[in-house]
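The values are calculated or read from the model by the stated rules, or taken from the named source; none is laboratory data. No experiment lies behind these values; they were computed from the predicted model shown. A quick note on method: Cβ atoms are made from the backbone with ideal geometry, for glycine too, and the neighbour counts reach across all protein chains shown.
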Amino acid sequence: MVNKYVFGSPFETEAVVTAYDAAKLPECFEYGEISADSGFCYQYQMDAKDVIYGLGEANRGINKRGYLYVSDCTDDPNHTEEKTSLYGAHNFVIVSGKKHFGLFFDYPGKMTFDVGYTRQDMLTVSCEQENLYLYVISGDSAYDVVKQFRKMIGTSYVAPKYAFGFGQSRWGYKTKDDIATVVKNYRDNHIPIDMVYLDIDYMQDFKDFTINPERFPDFPEFVQEMKDKKIHLIPIIDAGVKIETGYDIYEEGVKNGYFCKREDGSDFVAAVWPGWTHFPDVLNPDAREWFGGKYEILTQMGIDGFWNDMNEPCIFYSEEGVREVNAEIADYVETFEDQNTTEHLRNNGSILPWAVREKLDKLQNNPKDYTRFYHNVNGQKVRHDLVHNLFGFNMTRAAGEALKKIAPDRKMLLFSRSSYIGMHRYGGIWTGDNHSWWSHILLNLKMMPSLNMCGFLYTGADLGGFGSNTTRDLLLRWLSLGIFTPLMRNHTAIGTREQECYQFEHMEDFRHVVGVRYRLIPYLYSEYLKAAKRDEMYFRPLGFDYPEDTRAIETEDQLLLGNEAMIAPVYTQNASGRVVYLPEEMKFIKFMPDGSIFEEILGRGTHYIDVALNEIPLFIRKNCCIPVVDAAENVEAIDMKTMKYIGFEGAVYELLEE
Ligand code: MIG
């Protein structure tokens, strides 16, 4: 049962696709207390046993209790435990205990979820403006609430089948030869792969929809050459459009008024990778159609997948910001010069640079910048900060809508860094700039079901870690989780240790681990299709299926995958196995490096399982089975005739194919 309540005059985010009549808030509202006079505040006193699920791409646990989360799309490449905002804004929470209900706060500005942070038993959701829709969804269970919510927000994006293969990426591949070398190494070493990603260096001066002709001569031929090797090249698209006379996209955007504007009507200027840029006003339907249409420049060259980046939108600095800092530094330098003696300099030499550095640091992602530009939404001028969390959504929507027109019969790969609920209909997301830390394997795992609750099914993290230097064992363990995430991509930052699978000793272990992904693709894809078509979750917390089992509810390092399986990857350094909790009898299987499959029935309860670096553990649920095929070096080469079933005798599996 869904109830919709209106407060003030909300912005139409288009997150929800089902039309509901707004109800009047009942006198005694059983789902909390609301005040919406100046600002909006929702409060609910949580029962000791209530679990709070949701919030999609957010820090910390599957049960969100005990911390603070702020929906305010931010490019922060250090996902440490104290962080409250990441790249997405997914304002959906589920209270699950004696009652089960979901709350979707459809509000595109900054919003705070205090989940037992200020007061341990109090859930408080607040924002500055009292203009929003609140949807209250009551159900029989947490999963029932999710299914109703997913129906409200529309069917999730389905990625093409090739995108269930493995992808290699690195910020730092600069030329066609760099890419060809990666492909050659994977193919020569028979490590399966379907995609290689093009990070910003393929562009000419970081200009969207251009190709650097020196580094990537004869690009369409190169795309074809790669296709012949069964490799899809996936270019990145950044949000900012470079200001440069003669660059057609810049000129068209200016002429048609398709860029975000300052209050005085001039085009807002922000510095990102290309230098000074304008932001396409993707909240303006005409501008959105125009920007989306540009993806065709690349699809005509044979490209069939994209990743959208920097679309929080990330701002290195604005013209206004630089002016302000200059003024502040000038003041500082003046005071400094007043006392200007060599003596002072000698004693306080570090003060000037430090103070200046601090000020310069604040230039990046300065919240003030988001109040300095406006969108034109059907003729209405809307200040950016009030709709900030919709930018990434609408950039990806621009691409998604356009790609449907460009290639109506062909599925395209599309995912984004920033997102809001609603974007799940157009593409997936990757979880941004993590680090080569063991703790981030676990964070990756915990985010997955929360994202599924919010509709995002095609998701994954940078396997091996983006920032910092990876190690062989970390990468192997992370891949062993990644073989189950729909988006399976090894990606890393410029300047870090090279982390392609062939960079490490005993490469055969990588061949085997990635190979297991390919053995499972028919199952994973089938379960993905079911989740998308039936508004279900591909990954679920154990508590969703075993709601009476406290131990299961509290297990946050294992996940149910599809309807038949449970995963329990190893995520600690130097461990030769791990403890697992089985809420019921299951078949424990391990994909062994010699290609065989180890099987053992384990009873309900706690077990320690041995898992070597080159073994992949998986659990098959009681009376279930899953299909496995022989490993293949790319998705097209999967031979469905090799399919057999593993699991419990007599079980039947419903295979969905497209
Ligand atoms: O400011 O394009 O999250 O995946 O490699 C960094 C370079 C910009 C951030 C993305 C990352 C990508 C990087 N980008």
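A few comments on the model shown:
- Checklist (1) under 19 Å from G392 (Cα atoms); (2) buried (at least 21 other Cβ atoms within 10 Å of the Cβ); (3) within 14 Å of the ligand (Cβ to nearest atom) applied to A271, failing item: (2)
- Residue match in the range 434-448 (condition: under 20 Å from Y525 (Cβ atoms), part of a helix (DSSP H, G or I) and either within 15 Å of the ligand (Cβ to nearest atom) or among the polar types (S, T, N, Q) (or both)): no
- Leading residue by the ranking (nearest to T118 (Cα to Cα)) among those in the range 4-47 that are charged (D, E, K, R) and surrounded by 13 or more Cβ atoms within 10 Å (Cβ to Cβ): K4
- For the range 163-186, filtered to residues that are more than 16 Å from the ligand (Cβ to nearest atom) and charged (D, E, K, R), the residue that is nearest to the chain's Cα centre (by Cα) is K176.
- First in the range 187-201 and at positive phi, second anywhere and at pLDDT 95 or above, Cβ under 6 Å, 6 or more apart: H190/R511
- Being buried (at least 17 other Cβ atoms within 10 Å of the Cβ) and of a type outside the set (F, W, Y) holds for only one residue in I601, I626, and it is I626.
- Helices (runs of 4 or more DSSP H) within the range 240-336 that include 1 or more residues β-branched (V, I, T) and closer than 30 Å to D194 by Cα: 295-299
- Residues within the range 202-229 that are charged (D, E, K, R), within 30 Å of V514 (Cα to Cα) and surrounded by 19 or more Cβ atoms within 10 Å (Cβ to Cβ), tallied: 0
- Condition check for S138: hydroxyl-bearing (S, T, Y) and either free of Cβ contacts under 8 Å to residues at least 40 places away in the same chain or touching a helix residue (DSSP H, G or I) at 6+ places or on another chain (Cβ under 8 Å) (or both): yes
- Scanning the range 446-480 for residues that are closer than 16 Å to L86 by Cα and of a type in the set (A, V, I, L, M) yields M447, M448, L451, A461.
- Residue match in the range 448-467 (condition: farther than 22 Å from Y53 by Cβ and surrounded by fewer than 24 Cβ atoms within 10 Å (Cβ to Cβ)): yes
- For the residues I249, I236, the requirement of being over 25 Å from G495 (Cα atoms) and of a type in the set (V, I, T) singles out I249.
- Looking only at residues of the range 84-129 that are in a loop (DSSP other than H, G, I, E, B) and of a type in the set (S, T, N, Q), we find that the one that is surrounded by the fewest Cβ atoms within 10 Å (Cβ to Cβ) is T118.
- The number of residues in the range 276-286 that are in contact (Cβ under 8 Å) with a residue 60 or more places away in the chain and either within 16 Å of the ligand (Cβ to nearest atom) or over 10 Å from V241 (Cα atoms) (or both) comes to 6.
- Residue match in the range 218-226 (condition: more than 16 Å from the ligand (Cβ to nearest atom), at pLDDT 95 or above and under 24 Å from R511 (Cβ atoms)): yes
- Of all the residues in the range 305-323, those that are of a type in the set (D, E) and either within 16 Å of the ligand (Cβ to nearest atom) or crowded, with 21+ Cβ neighbours inside 10 Å (or both) number 2.
- If you go through the range 130-166 and keep only what is in a loop (DSSP other than H, G, I, E, B) and over 30 Å from Y518 (Cα atoms), you end up with E130, N131, D140, S141.
- Enumeration of residues in the range 187-204 that are among the charged types (D, E, K, R) and either within 14 Å of the ligand (Cβ to nearest atom) or at pLDDT below 95 (or both): D199, D201
- Any hit, the range 592-605, residues being touching a residue at least 12 places away in the same chain (Cβ under 8 Å) and touching a His at 6+ places or on another chain (Cβ under 6 Å): yes
Matching residues to (1) touching a strand residue (DSSP E or B) at 6+ places or on another chain (Cβ under 6 Å); (2) closer than 30 Å to M152 by Cβ; (3) among the β-branched types (V, I, T):
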| position | (1), (2), (3) |
| --- | --- |
| P541 | no, yes, no |
| M566 | yes, yes, no |
| V570 | yes, no, yes |
| I589 | yes, no, yes |
| M592 | yes, no, no |
| I601 | yes, no, yes |
| H607 | yes, no, no |
| N614 | no, no, no |
| V629 | no, no, yes |
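- Restricting attention to the range 226-239, the residues being in contact with a Leu (Cβ under 9 Å, 6 or more places away or on another chain) and not in a strand (DSSP E or B) number 2.
- Residues located in the range 420-466, provided they are within 17 Å of I567 (Cβ to Cβ) and of a type in the set (D, E, K, R): K446
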